[in-house]
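A short worksheet on the structure shown next.
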Amino acid sequence: MTLTKMRTAAASSLAAAGLLFSLAACSAPATQPSASEPASTPAASSSAATSADAPCDGVKVIVDSGALKQEAADTNVCVPVDEPTVAAEILEEADVETEGTTEYPNELVCRVNGVPAADFDITHKGGTYREECGKMPAAFAYWALWVKPATGDWAYAQEGLATLKVSPGESLELLFTVDGEPAAPAA
């Protein structure tokens, strides 16, 4: 293989990884079954709202295991903030633990609150799959990051947890999608 072909192959691999991340960002919003019940409150915030219907003066944080239906991972809390704050800090305040992959430890989300566990069989159209969190999560089974403005619709986040800033009145959701379902957070 010539040096030019090797460079082209390497560039194609990087482009494919970027495309996977970008394609998920372009997913069209759709409706989803009803939101999950709240499961926890942030440790450092005694004023956090824990009801899906409760008003939130800060950032509403939602973790929805979606197609996995592993409610142990689910969260619905309000994190009090008074200025735009990095998403990773908001999730930390909400006691939401995220894990990246070995290759992309800070850029991607592979597990949220331990879900999906390494020994958990994810059922999808092609059979079953176990997430190892080595490189890129599977294109058919992954955690998606969504943001909703105070008034408006959910939009797929265009940045990762380390750089995305979320403002008071907005909502932040991590939603697990299998075979494109659910395609977007509930309204």
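Quick notes on this one:
- Considering the conditions (1) farther than 16 Å from Ser171 by Cβ; (2) touching a strand residue (DSSP E or B) at 6+ places or on another chain (Cβ under 7 Å); (3) modelled with pLDDT under 95, Met136 is excluded by exactly one of them, (2).
- Residue count for segment 132-174, restricted to those that are among the aliphatic types (A, V, I, L, M), surrounded by 19 or more Cβ atoms within 10 Å (Cβ to Cβ) and closer than 16 Å to Gly58 by Cα: 3
- Complete set of residues in segment 161-187 that are out of contact with any helix residue (DSSP H, G or I) (no Cβ under 8 Å at 6 or more places or on another chain), closer than 17 Å to Pro84 by Cα, assigned to a loop (DSSP other than H, G, I, E, B) and not hydroxyl-bearing (Ser, Thr, Tyr): Pro168, Gly169, Glu170
- Count of segment 131-150 residues, restricted to those that are over 18 Å from Val79 (Cα atoms) and either of a type outside the set (A, V, I, L, M) or assigned to a loop (DSSP other than H, G, I, E, B) (or both), is 12.
The values are calculated or read from the model by the stated rules, or taken from the named source; none is laboratory data. Computed from a predicted model, the values in this text were never measured in an experiment. So basically every Cβ, Gly included, is an ideal-geometry build from the backbone, and we count neighbours across all protein chains shown.
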